[in-house]
Each structure stands twice: as structure tokens, then as C-alpha cells.
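The values are calculated or read from the model by the stated rules, or taken from the named source; none is laboratory data. Note that the coordinates shown come from a computational prediction; the quantities given were computed from them, not determined experimentally. When we count neighbours, we look across all protein chains shown, and the Cβ atoms used for this are built from the backbone with ideal geometry, even at glycine.
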Amino acid sequence: MPFRTILAVDGIVVGTVLALLTIWELRRVIVLVVIAGFFAIVLDPAVALLNRHGLRRGMATSLVFLIGVAAFAGLVYLFAKPVYDAGSRFANDLPKVVDQARHGQGRIGHLIKRYHVDKYVRDNAPKIQDALRHAGGPLLRVARSVIAGVVGMVTVLVLTFLLLLEAPNLASSFLKLLPEPRAERVRRVAGDASRSVTGYVVGNAMTSVIAGVVIYTTLRIMGVPFAFLFGLWVALVDLLPLVGGLLAGVPTVAFALLHSPSAGIVTGIVFLVYQQIENHILNPVIMSRTVRLNPLWVMLSVLVGARVGGLVGALLAIPVAGALQVVARDVWDEGRGRFKPEPTVGPGEKTPGSPAPGR
């Protein structure tokens, strides 16, 4: 074997290993960039719409970005306010609750008296004190995780804004490096993939909002407290593919059961009926405007996304799979000599047997 061939093979192997190690070391940064890119793709149609109506790109990006941040802050407030109010009420009632507990009165006092908690505390006081002394370590780790999450969120917001602002310039600079026919093809496929991702997100958001409204209405009719909070919870968690309905439904139905058995049973029935309507009616109608994915491909993409990126990976898996399907379809059509006109997603989609346009 020629010496140059050996060096070339060794160079390819070493370069591949170094590239993989670099990707592994930068995996957190890559995940943040991917998340920011996803948000940028979703928000870009709104920015482009404002840009077409006369607003400069910078102004349109700032306006859309501020609206998105305000919407996110509003969701956080809607979740945090009930928790804060409940905590304030508990703090105000704490002296009374403690006094009742000492005398075996009230709900907590009844539990202490029934399960002999006071005797357990007396017998295990040294162990409890030791556990409290060593509780600083776990609390410190939790605080570090919270700080890291906040820093990551701010980083994603900044990256999203910059990507929205500079996306046209970056795309134009990249396309100038390609021959015109290849650049046109990349432009067409990228636009198609972007519509697929945006359409999926919009369709998924619509079904989630409907789910939240249905559950909110049911809980309100049954007189269950925090109906709006649980409706919002269902709407947000239902965004998760495959498991979102289960994760949203179990705590909601359980809380309704604590309120009253009839409220729990009715909420459970409504939830099950709605899931069937969403899966067999709403999703086919609403998602018909996005790229159609095979159920097996959906399951595999979610499993891979959850393994690679956890909850965020599972959430991004289906739109990424839809974009990959658009690219793979384009490569397949070109290999067979069949070039489909835009669009290749949605109700105007052309089937592989459709007449090919002239090039």
C-alpha cells in the first residue's frame, strides 16, 4: 500500500476522532445553539411578515422578540402567582397551624396524632438533626442547577435574537459560495424544511390550546379550584409528543379526585374522550398543513431525541425529523430525476408521481 494512502487514512481517522471529541466537549453549547435555532425558525415568519410591511429587519426582530419574551414571562407569572399566594397564606397561618398541631387539632394535628409522628420525631431526633446539618450540600447543588438553567435560558434568548437578526446575511453569505443551481436548490429545500418546522409547531400549539380550554371548562363546571392553572398546565405539557397527554392528565385528574370523586371521574372521562378526538380528528386536520410523518418515524425520533437531549430533545425531535424528511425526500427525488415544485409540505403537496417542472 502506498505510503501516502496510509498517511491519508491515518489523517482521516485522527481528524474524525478529534472532531468527535470536540463535539463532545462542546455538546452543551451545541444544544443551546440548536434550541436557539429552533426558536429562530419558528419566529422568523413573523419577522419576515413585519419586514415585508415596511419595518426594518432590526425593528421587526426586536418587536417579535419582545413579544415572545413577554409571553414567556406571562406564562411564568401565571404559574408562580398561585404558588406565591398559597405560600403567603401558609406563612400567615403557620402560627395557628403549629398551635393546633400541638394540641392534636386541625388536619396536620390529626395526622400527627393518628400516625404518632411526635413519637417518631422524639425517637429519631439525633438522626433528623444530623440530616438537617448535612442538607446544605443538596441545597447547594439545587441552587447551582437553578443558576445554570437561568444562564442557559438567557444564552438561548441572546442567541435567538442574534440568529433572527443576522439570518438573512448568514444565509446569503453561505449561498454565494455555491453554484447558482445548487444555491437555488438549497434555498428551496431550506424554505421547505422551515415551513415544515413552523407548521408543526403551530399545529401542535393549536391542539394544546384546545386541550387546555377543554380541561379548564370541565374543572370550572365541576367547581374544582385552580381550574385556570390546571388548564394552562395541560396546554403546556400537551406540547410534548406521545407522553404529553399522560403527563398532563394524571396530576389533573388526581387533583380533581381530591376535590370530589365525581369531579375526578368526570375529568378523567373528558380527558380520555378528548385524547381520542385529538388523535383521530384534530391532529389529522390541523397537522395536514405540516409534513406528514410515519408514526414509527415519530416514535423513533422522540426516543432518540429524549436520549440525546432529554426533555428538550424529545420536544424538538419531531420538527427535526420533519425537516430531515424534507431533505431526504428532495435527495430521493433528484436521484430518480423527479423534481417537485414548491411546496412539498401542506395541502398543496405534490406526490412523487406528479409531473416534474422544467429546469
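Report yes if VAL201 is surrounded by 14 or more Cβ atoms within 10 Å (Cβ to Cβ) and out of contact with any Lys or Arg (no Cβ under 7 Å at 6 or more places or on another chain), otherwise no.
So VAL201 fits the description; yes.
Return the residues of segment 4-18 that are modelled with pLDDT of 85 or more and not β-branched (Val, Ile, Thr); say none if nothing qualifies.
The answer is GLY15, LEU18.
Does at least one position in segment 249-258 carry a residue that is touching a residue at least 40 places away in the same chain (Cβ under 8 Å) and aliphatic (A, V, I, L, M)?
Scanning segment 249-258 turns up no residue that is touching a residue at least 40 places away in the same chain (Cβ under 8 Å) and aliphatic (A, V, I, L, M).
For the list (1) surrounded by 10 or more Cβ atoms within 10 Å (Cβ to Cβ); (2) under 30 Å from ARG307 (Cα atoms); (3) modelled with pLDDT under 85, I need the number of the one condition that TRP24 fails.
Going through (1) surrounded by 10 or more Cβ atoms within 10 Å (Cβ to Cβ); (2) under 30 Å from ARG307 (Cα atoms); (3) modelled with pLDDT under 85 one by one, TRP24 breaks only (1).
Hey, among the residues in segment 218-232 that are more than 17 Å from GLY245 (Cβ to Cβ) and part of a helix (DSSP H, G or I), which one's nearest to the chain's Cα centre (by Cα)?
If we take residues in segment 218-232 being more than 17 Å from GLY245 (Cβ to Cβ) and part of a helix (DSSP H, G or I), then LEU229 is nearest to the chain's Cα centre (by Cα).
When you scan segment 51-84, how many residues do you find that are in a loop (DSSP other than H, G, I, E, B) and under 11 Å from LEU165 (Cα atoms)?
Of the residues in segment 51-84, 1 are in a loop (DSSP other than H, G, I, E, B) and under 11 Å from LEU165 (Cα atoms).
Quickly run through segment 31-61 and pick out the residues that are surrounded by 13 or more Cβ atoms within 10 Å (Cβ to Cβ) and free of Cβ contacts under 8 Å to residues at least 60 places away in the same chain.
Answer for segment 31-61, where residues must be surrounded by 13 or more Cβ atoms within 10 Å (Cβ to Cβ) and free of Cβ contacts under 8 Å to residues at least 60 places away in the same chain: ALA46, ALA48, LEU50, ASN51, LEU55, MET59, ALA60.
Check off (1) at pLDDT 70 or above; (2) in a loop (DSSP other than H, G, I, E, B) for ARG292 and give me the number that stays unchecked.
So ARG292 meets the others, but not (1).
Could you pull out the residue among PHE39, PHE65 that is within 30 Å of VAL234 (Cβ to Cβ), in contact with a Ser or Thr (Cβ under 9 Å, 6 or more places away or on another chain) and modelled with pLDDT of 85 or more?
The conditions single out PHE65.
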